[in-house]
Each structure stands twice: as structure tokens, then as C-alpha cells.
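For reference, the structure discussed in these notes is given below.
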Amino acid sequence: MPGERVLICGAGIAGSITAYWLSEYGFRVVVIERSKREQKAGQGLEIEEPALSVVRAMGVLATLQERKTGEMGFTLVNEKGHSWGTLGAGGISLTGALEIMRGDLTEVLCNRADESPNVGFRFETTIRGVRQSNDKCMVDTQKRGDADITTEEFDLVIGADGVNSLTRQMVLGRDEELGIRKPIGAFVAYFSITSEEQDWPYSQLCHYPGRKILWIRPVGKDSKTSSVYLIHLNDDVPALHQANVTGDRQKQKEAFAELYKGLGWQTERVIDQMMNSENFYSDQLAQIKLPNWSKNRVGFVGDSAWAPTPFTGEGNQLAIIGAWVLAQELSRNRNQMGFEMYEKRFRGYVENAQAIPGWGYAPYILCPETAWGILSLQTVFWLIAGLTRFFLWTGMTKMMPERGGSLEKHPLFDLQMDVANDKKGI
Ligand SMILES: Cc1cc2nc3c(=O)[nH]c(=O)nc-3n(C[C@H](O)[C@H](O)[C@H](O)COP(=O)(O)OP(=O)(O)OC[C@H]3O[C@@H](n4cnc5c(N)ncnc54)[C@H](O)[C@@H]3O)c2cc1C
């Protein structure tokens, strides 16, 4: 008997992984994605255990390792470009052991899912409507440039369309009315600039008064581009606010240019190139907190269900692990009960991960308001970097625990055994 038909909206990280695992469990999957297939948007993301176990089980870990950026750690600099020290990758460093560009990650995951005859990707296609009956979903989709809307029947629908999920708003209601979007008072912008020799192999991060950060990260040893992250931890710029509400890219760029103009170090180079950047992405950081991750036959995964913001460092991790848990629970209960079991199993894990470190104060400590605050932070960093160098020299770092923890060892998961047992059951 042919498997149940599932529509997944969004071929990002969560969407592609869910598609892969559902196809392994015998579902027939259609994935729609509004971007072009070749569009490789976004900057660096990190994968660590237990999410590494999921991509390892998909057979793509070696490919991801080949594509990692190779960033070897990060250096803290001041507004004159003087270094306060360097931390290598892993441990408490901002650089993870496996840093990869979002575009490379989604390409690898998407290609892996696409190898299955059970999965079909439709790019430049968006969702236009969802209607549910007791046992089916009718879904309207539209391909870019087509006047017509296509309507098809599916057994289940999964919204994996990110923090601003249209699927979520169609099925549950508008975010503003539900109050499920919790801005954390910060704006970010990510884009690429032409690389220069000093960008490799360490990323460089600089603080400016008024809670601003400029972080330049290498993309690869021979890459022609480097990544830029601008972080403004303040809700005090009406122009930026307005530009984000309308999604006007040019206005977003102008607002960031105004904020960083004349602050020193690499701001001039970055602003000049930002104004012409084609892969500029900016958003107001917000957490998504849904009372339920599904409604009847439509479920949500990844940022569309629980966006935690980059301040937790968990967005990518949760998308990867959550996609696998969802597919596994749907393989055991191939209807809306699968959505309920997935939420029951995974909600506590997500809620823990959504907690911003330091009782929510860590971002403010790590991104100070005043020049004195920045100097204190730089001094503490100088001490930590010095101590770490000392521990490395004495070999004591080998005694420190690794970041994350293996999925196989986590009480929630028994990945290898589960995968083996579930495959036998198909
Ligand atoms: C363009 C882009 C750039 C990003 N850059 C960074 C970055 O540099 N650093 C970082 O930490 N995080 C970045 N993120 C967020 C990061 O990818 C996620 O926080 C995390 O990996 C969770 O993944 P996800 O699959 O749940 O959501 P996402 O990665 O956001 O994926 C959602 C997918 O759904 C698609 N989509 C959205 N709406 C529709 C629709 N109506 N119809 C069809 N498809 C739709 C999107 O194009 C996207 O491919 C970026 C996200 C996007 C969309």
C-alpha cells in the first residue's frame, strides 16, 4: 500500500531533514520552497552533538565536514583593531567544532532527501491556503510566475517555513493576535563581503558602545567572501523597526549603516559593501512560543514552532533534532496522534533550550552599553584567553567535558537502536 502523502512547507534545515526521515519511513513527501534551488542564503551555522548524531545517521556527516568553513576560533578586537586575545574552536568559544554556511548545509540536506524516490521538491513555490477535514488536508500552492493556484489532497501537512511561517499563520491565526511572537529587543543583519587576508583563519569580533557588535567570519581558506554579522541589542531605532516591519531591504541597510557609521575598525569596509550586498538578510530577533505545535493534521517543526533566537545558540540544533523526532513519532502513529506524541516527547527539551543563558541577562553582559562595560568585558576575555592558552600548554583542556552530548546517550533518544527497529517495522 502506498504510504501517506505529506506536504512540507519549507526546504530549510528542518524541512529537508523531516522529508528525508519520513521517506525512510515510507511516507510520500512533497516539499515546497519559495526560493530558487540554487539560492544559497545565510551565513554560518553550527552543528554539535546531539544533532551531529542525526546527520551522521543520514550519511552526510563526511560531506558536511568537507564543506565546513574551517574557522579556527575567534579573536576579540577593539575599535582600533588591537587584539585582546584568541580562543580556538569548541569549548566556550563562539566558534563551534563544525561551522558550516547555511546554504551549504541546506544544499547537502536537500540533495540527500531528494535521492529518495519518495520525495519531490518544488522550488519557487509557496503555500496559499490549507483546509482540513477529519482525515485529509486540502492545500493550495502557487509557483512563482504562475497565475494559477494548484489544489491537492494530503494526509498531513508540516510547516517548516521558519520564524515568520505563513503555514502557521494560515492554520493557527495571525502572530500578533495570538501573542506567540516574543521580540527580545535585538536586530541582526547577515551578509557577505569580499574577503581580505586578515579574515582567515580566525573570525574577529568588535564591540561598540550602545550594545553593538560587528563580527567578521571566514567562509573558507580560498573563499572570495567573508561573512558579516551585525548585532544591535537595542530596540531604540525607529527607522530599523519600521524597515523590519515592511521588510524593505534598502531601508534596513540604511538603518544599519547609520548605526555603525564612523565607529572604527572595519565599519567603513563593511558598510560600503553591505549597501551593494545581494545576500543581505536582516530580522528583529524574536522567540516563537506556541501553546501547541499542531492543529489536527497540520504540525510545525523548527523555527516555525519554537524559534529560540541565535542568543541561545540552539536554533539549528533544535531544528535538526526536532525534525528527526517528528518523523520518528509519525512513523509510529501515522496521523495527528504522531504530532501529539512528538510534542509530548520533545517540548521539555525545547523549553529548556529556549532559555536565554544567565537568566536572560547573558546577551546584555556580552554586549555592553558603555565604553567602560566593553573595557571590563575585554579585560575578562583577555584573562580567559590567557588561561586557556596556559591550560592548552599544560594539556589540562583534555580533562574538560565536550560541548553537547551524544544523541545516543541522551535519555530522550536512542537513535541508532530506534532507526534500526523502525526500519525493520516498515
Ligand atoms: C534566508 C535565511 C538566512 C538565514 N541566515 C542565518 C544565519 O546567517 N545565521 C543564523 O544563525 N541563522 C540564519 N537563519 C535562520 C536559521 O536557518 C534557522 O534559525 C535554523 O537553522 C532553523 O531552521 P528552520 O529550517 O526551522 O528554518 P529556516 O532555516 O528559516 O528555513 C525555513 C525555510 O522555509 C522557506 N519558506 C519560508 N516561507 C515559505 C513559504 N511561504 N513557502 C515556501 N517556503 C517558505 C524559507 O525560504 C526557508 O528555506 C537564516 C534563515 C533564512 C531563511
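The values are calculated or read from the model by the stated rules, or taken from the named source; none is laboratory data. The shown structure was predicted, so the numbers you read here are calculated from the model rather than taken from an experiment. Reconstructed Cβ throughout: ideal geometry from the backbone, glycine too, with neighbour counts over all protein chains shown. With ligands, DNA and RNA removed, areas are computed over all heavy atoms of the protein, side chains included. Shrake-Rupley method; radii C 1.70, N 1.55, O 1.52, S 1.80 Å.
Compute a Gaussian network model of the chain, connecting alpha carbons closer than 10 Å, and tell me which residue from Pro368, Pro209, Pro218 fluctuates the most.
Most flexible of the set in this elastic network: Pro209.
Run the simple label-point estimate for Arg128 and Phe390 please: 7 Å along Cα→C-beta, distance reported in nm.
6.7
Applying the Karplus parametrisation 6.51 cos²θ - 1.76 cosθ + 1.60 with θ = phi - 60° to the phi angles of the stretch 193-203, what ³J(HN,Hα) value in whole Hz is obtained for each residue in order, glycine and proline being reported as x?
Going residue by residue, I get 10, 5, 6, 10, 3, 6, 6, 10, x, 9, 6 Hz, with x marking Gly and Pro.
With a sphere of radius 14 Å drawn around the Cβ of Val171, what net charge do the other residues whose Cβ falls strictly inside it have (Lys, Arg +1; Asp, Glu -1)?
So the environment of Val171 carries a net charge of +2.
Considering only C-alpha atoms, what is the centroid distance from the stretch 159-186 to the stretch 66-114, in Å?
A separation of 29 Å, based on Cα centres.
Find how much the distance from Ala62 to Glu258 grows on full extension, using 0.36 nm per residue of separation minus their present alpha carbon separation; answer in nm with one decimal.
Once the chain is fully extended between Ala62 and Glu258, it gains 66.3 nm.
Can you tell me what percent of all Cα-Cα pairs in the stretch 209-338 are more than 23 Å apart?
Numbers: 4157 of 8385 pairs.
Considering the stretch 209-338, 50 percent of its Cα-Cα pairs are separated by more than 23 Å.
In a Gaussian network model over the chain where Cα atoms closer than 10 Å are linked, find which of Glu278, Glu46, Glu71 has the largest mean-square fluctuation.
Glu278
Using a 10 Å cut-off on Cβ atoms, rank the peptides 88-94, 235-241 from the highest mean neighbour count down. Walk me through the numbers on the way to the answer.
On the way: 88-94: 16.6, 235-241: 14.4.
Highest mean packing first, the order is 88-94, 235-241.
Mind putting a number on the dipole of the chain about its Cα centre? Charges go on the C-beta only, +1 for Lys and Arg and -1 for Asp and Glu, and I need it in Debye to the nearest 20.
340
Mind ranking 158-169, 185-196 by how tightly packed they are, going by the mean number of other C-beta atoms within 10 angstrom, highest first?
158-169, 185-196
At 1.4 Å probe radius, can you tell me the per residue accessible area of the chain in Å²?
For the chain, the solvent-accessible area averages 47 Å² per residue.
Put +1 on the Cβ of every Lys and Arg and -1 on every Asp and Glu Cβ in the stretch 236-322; which of Phe256, Gln317, Asn244 then has its Cα farthest towards the positive end of the dipole?
Working it through, the farthest residue towards the positive pole turns out to be Gln317.
If you keep only loop residues by DSSP, which trypsin sites (Lys or Arg not before Pro) in the stretch 215-313 have at most 14 other Cβ atoms within 10 Å of their Cβ?
Listed in order of number, the matching sites are Lys221, Lys224, Lys261.
For Lys251, which aspartates and glutamates qualify as cross-link partners when the Cα separation must be under 17 Å and same-chain residues fewer than eight apart are set aside?
Partners within reach: Asp235, Asp236, Asp272, Glu278, Asp283.
Of the peptides 306-312, 330-336, how do they stack up when ordered by the mean number of other Cβ atoms within 10 Å, highest first?
Details: 306-312: 22.7, 330-336: 18.1.
Ranking the peptides 306-312, 330-336 by packing returns 306-312, 330-336.
Return the subset of Lys136/Lys344; Lys224/Lys253; Lys68/Lys182; Lys261/Lys289; Lys182/Lys253 for which the Cα-Cα distance in this structure is over 27 Å, preserving the input order.
Lys68/Lys182; Lys261/Lys289
Enumerate by residue number the trypsin sites (Lys or Arg not before Pro) in the stretch 1-58 meeting two conditions: DSSP loop (anything except H, G, I, E, B), and at most 11 other Cβ atoms within 10 Å of the site's Cβ.
Lys36
Report, largest value first, the span of the C-alpha coordinates of the chain along each principal axis, in whole Å.
Dimensions of the chain along the principal axes of its Cα atoms: 66, 51, 40 Å.
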